[in-house]
Amino acid sequence: MQCYTTHRDPVVFPDPESFSPDRWIKSNGGTSEMKEAFMPFTKGTRVCLGKNLAMMELKVITTIILRRFHVSIAAEMTMEDMAMKDHFLLFPQGKKCKLVFTPRN
Ligand code: HEM
């Protein structure tokens, strides 16, 4: 079992290729099927040991960055750059994800 296909089950996640964080908000934190299928840290006996630490770090770091900067996509980035490339782990096809950080007043 692996995350890539599970996270793209169109029955659970309609239009799975679209980046749509709203799907979690609209369903009030996710339907029971979405919660069951969502497993970025995998599940079971070999589940990621750092899951809780990673979730906390992601929330703290994202909050600190977004409070200090307005973040936008660099003009030179294209949709093709961000297409996913499977290399055991996924990475963006263009091998870059350039963002612009503008300090907030
Ligand atoms: C967003 C961040 C992270 C993601 C998405 C992630 C994801 C994963 C995944 C998919 C596995 C494989 C589980 C399996 O084999 O079924 C794993 C294993 C593991 N992760 Fe993470 N991880 C993250 C952060 C961390 C952090 C911060 C730590 C430690 C501080 C950590 C420690 C470990 C360890 C020790 C294992 C091996 C567990 C085992 O085989 O028993 N991970 N992680």
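The values are calculated or read from the model by the stated rules, or taken from the named source; none is laboratory data. Computed from a prediction, not measured in an experiment: that's the story for all the values here. Here the Cβ positions follow ideal geometry from the backbone for every residue, glycine too, while neighbour counts run over all protein chains shown. To get the accessible areas, we keep the full protein, side chains included, count just its heavy atoms, and leave off ligands, DNA and RNA. Shrake-Rupley method; radii C 1.70, N 1.55, O 1.52, S 1.80 Å.
The table below gives the values:
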quantity	calculated
Using θ = phi - 60° and Karplus 6.51 cos²θ - 1.76 cosθ + 1.60, couplings along segment 47-64 (whole Hz; Gly, Pro as x)	4, 3, 5, x, 3, 5, 5, 4, 4, 5, 4, 4, 5, 5, 5, 4, 4, 4
DSSP-assigned coil residues among chymotrypsin sites (Phe, Trp or Tyr not before Pro) in segment 32-105, each with at most 15 further Cβ atoms within 10 Å	41, 88
Proximal aspartates and glutamates to residue 98, defined as alpha-carbon separation beneath 19 angstrom and excluding residues fewer than eight positions away on the same chain	76, 80, 81
Residue-wise HN-Hα coupling along segment 26-34, computed from phi with Karplus coefficients 6.51, -1.76, 1.60 (Hz; x: Gly, Pro)	4, 9, 6, x, x, 6, 4, 5, 5
Calculated FRET efficiency for the pair residue 101/residue 15, C-beta based, R₀ 35 Å, to 0.05	0.70
Residue 99 accessible area, 1.4 Å probe, all protein chains in place, Å² to nearest 10	80 Å²
For the chain, size of Cβ-based charge dipole, Lys and Arg +1, Asp and Glu -1, in debye	520 debye
Cβ-defined net charge surrounding residue 78, 12 Å radius [Lys, Arg +1; Asp, Glu -1]	-1
Cα lying deepest toward the dipole's positive end in the chain, options 101, 13, 25, charges on Cβ	101
Sequence-separation-based contact order of the chain, relative, with Cα cut under 8 Å and 6+ spacing, percent	20 percent
For the chain, projected area of the alpha-carbon convex hull averaged over all directions, nm²	8.6 nm²
